[in-house]
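Below is one structure, written out as structure tokens, with a few remarks after it.
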Amino acid sequence: MRLFDFHCDTIYECLARGCDMSNPDFHITPQKSELISPYIQCFAICVPEEIKGERATAMFRKAYSTLVEQCEKYNFTIIRSYSDIKLIANNGGKGAIFTVENASVLAGKLENISLFNEFGVKIVTLTWNGRNELGAGAMVSHSNGITKFGIDVIKELEKNKILIDVSHASDRLFYDVVKYSSRPLIATHSNSRAVTNHKRNLTDEQFEIIKRRNGLVGLNFHRDFLNNDKLKASKCDILRHAEHFLSLGGENNLAIGADFDGCDLPSDINGIDSMCDIYELFLRENYSETLVKKIFFENALEFCQSFDK
């Protein structure tokens with residue numbers, strides 16, 4: 001099976017716990033992903049809300065060192081350009097994309113975007129759930145939307161061909177990003193609010209905007225985002241969210257953003273080793289293999305290639 005997953009927190013967990021990616025408690029381990037080829041994984045550094053300024057930047061640097069160490073140990077190729085993705089896809093290898101979840105790593109300094117280029121960052125989630133120097137996240141009451149610094153960051157990210165991720169954005173921040181950006185947008189790990197009424201999920205209007213921009217949405221496996229009753233969440237709920245997005249014409253705009261090692265999974269999903277079962281579930285539910293391949297790999301591949309133009 002081929003897989004391109006836009007979001008996990010495994011490297012963050014390695015850093016936070018001071019342990020190796022082979023930790024059997026992790027959702028993603030080299031052993032659990034053996035049956036997937038090619039396999040492209042976005043590894044996020046998620047900066048906790050309470051870490052700000054230079055501490056956040058230092059954590060970002062340390063996370064990159066952790067990523068390099070783990071990739072060297074387990075034969076992941078660190079992807080530094082969009083063209084590298086095509087090479088991994090053609091050769092059946094394992095690729096790692098370094099991403100940022102919470103742009104507080106910039107410490108309020110626009111010049112720190114140069115660090116993103118230095119470390120090969122390709123995707124930046126502007127906020128986490130709270131406020132930072134750019135604006136307000138999804139769980140903030142009475143969001144003030146985007147800041148002047150946030151507008152400047154958007155322009156600079158687009159200039160450097162770094163994808164802007166609207167997962168975790170408040171509704172007001174989402175529409176501000178749409179207003180001040182011009183390139184395709186991505187919600188790396190977000191589901192449908194029409195299916196599960198959670199602030200972290202996307203409204204139909206938001207999905208339509210992402211679709212019109214030729215952007216992507218990665219299906220999230222966190223049980224709170226899958227089902228209004230999280231204790232009843234199952235892998236079948238992933239299908240419900242996929243079906244809703246597809247009913248809005250999202251065949252070319254749907255991907256995977258499982259949120260492994262950063263979420264509470266339904267009881268019938270173990271981690272990356274469950275992906276083959278989920279793939280087969282789509283096929284058993286009369287999805288064409290062509291469509292399933294698009295959702296699990298090809299849409300992501302084509303999107304990243306088009307963004308490099």
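The values are calculated or read from the model by the stated rules, or taken from the named source; none is laboratory data. This structure is a prediction, so every number in the text was calculated from the model and none was measured. Quick reminder, even Gly has a Cβ in these numbers, built from the backbone with ideal geometry, and neighbours come from all protein chains shown.
The residues on offer are 249, 262, and the sole one that is surrounded by fewer than 14 Cβ atoms within 10 Å (Cβ to Cβ) and in a loop (DSSP other than H, G, I, E, B) is 249. For the stretch 142-151, check the following and say yes or no: at least one residue is within 19 Å of the chain's Cα centre (by Cα) and at pLDDT 95 or above. There is no residue in the stretch 142-151 that is within 19 Å of the chain's Cα centre (by Cα) and at pLDDT 95 or above.
Applying the criterion of being of a type in the set (Phe, Trp, Tyr) and touching a strand residue (DSSP E or B) at 6+ places or on another chain (Cβ under 9 Å) to the residues of the stretch 71-91, the residue that is farthest from residue 303 (Cα to Cα) is 74.
For the stretch 222-238, the set of residues classified as aliphatic (A, V, I, L, M), part of a helix (DSSP H, G or I) and buried (at least 18 other Cβ atoms within 10 Å of the Cβ) consists of 226, 238, listed by residue number. Among the residues of the stretch 14-25, those that are surrounded by fewer than 22 Cβ atoms within 10 Å (Cβ to Cβ) and in contact (Cβ under 8 Å) with a residue 40 or more places away in the chain comprise 15, 20, 22. Consider residue 78 carefully, then state whether it is more than 18 Å from residue 107 (Cβ to Cβ), free of Cβ contacts under 8 Å to residues at least 60 places away in the same chain and in contact with a Cys (Cβ under 6 Å, 6 or more places away or on another chain). Criteria met by residue 78. For the stretch 118-138, the criterion of being over 19 Å from the mean Cα position of the chain (by Cα), part of a helix (DSSP H, G or I) and under 28 Å from residue 11 (Cα atoms) is met by at least one residue. Contact annotation: residue pairs with Cβ atoms under 6 Å, 6 or more positions apart or on different chains, pairing a residue in the stretch 29-44 that is within 26 Å of residue 168 (Cβ to Cβ) and β-branched (Val, Ile, Thr) with a partner that is crowded, with 20+ Cβ neighbours inside 10 Å and at pLDDT below 95, are 40/88. Quick check: anything in the stretch 39-48 under 20 Å from the mean Cα position of the chain (by Cα), aromatic (Phe, Trp, Tyr) and not in a helix (DSSP H, G or I)? Yes: the stretch 39-48 contains one or more residues that are under 20 Å from the mean Cα position of the chain (by Cα), aromatic (Phe, Trp, Tyr) and not in a helix (DSSP H, G or I). Scan the stretch 230-247 and tell me whether some residue there is closer than 16 Å to residue 7 by Cβ, in contact with a Cys (Cβ under 7 Å, 6 or more places away or on another chain) and either acidic (Asp, Glu) or modelled with pLDDT of 95 or more (or both). Among the residues of the stretch 230-247, not one is closer than 16 Å to residue 7 by Cβ, in contact with a Cys (Cβ under 7 Å, 6 or more places away or on another chain) and either acidic (Asp, Glu) or modelled with pLDDT of 95 or more (or both), which makes the answer no.
Taking the stretch 60-91 as the range and being in a strand (DSSP E or B) and under 25 Å from residue 263 (Cβ atoms) as the test, only 78 passes. Annotation note: of 195, 217, the sole residue that is among the aliphatic types (A, V, I, L, M), under 21 Å from residue 97 (Cβ atoms) and either free of Cβ contacts under 8 Å to residues at least 60 places away in the same chain or in a loop (DSSP other than H, G, I, E, B) (or both) is 217. Exactly one residue among 182, 167 is over 19 Å from residue 282 (Cβ atoms), assigned to a loop (DSSP other than H, G, I, E, B), touching a His at 6+ places or on another chain (Cβ under 6 Å) and in contact (Cβ under 8 Å) with a residue 12 or more places away in the chain, and that residue is 167. Taken over the stretch 88-102, residues that are surrounded by fewer than 22 Cβ atoms within 10 Å (Cβ to Cβ) and either modelled with pLDDT under 90 or among the polar types (S, T, N, Q) (or both) amount to 2. Kindly evaluate residue 283 against the criterion of being touching a helix residue (DSSP H, G or I) at 6+ places or on another chain (Cβ under 9 Å) and free of Cβ contacts under 8 Å to residues at least 12 places away in the same chain. Against the criterion (touching a helix residue (DSSP H, G or I) at 6+ places or on another chain (Cβ under 9 Å) and free of Cβ contacts under 8 Å to residues at least 12 places away in the same chain), residue 283 qualifies. With respect to residue 57, is the statement that it is closer than 20 Å to residue 261 by Cα, of a type in the set (Val, Ile, Thr) and assigned to a helix (DSSP H, G or I) true? Here the answer is no, as residue 57 does not meet what is asked. Checking each residue in the stretch 183-207 for being crowded, with 19+ Cβ neighbours inside 10 Å and of a type in the set (Val, Ile, Thr) picks out 186, 188, 195, 196.
State the number of residues belonging to the stretch 60-105 that are within 19 Å of the chain's Cα centre (by Cα) and under 26 Å from residue 136 (Cα atoms). Number satisfying all stated conditions: 12.
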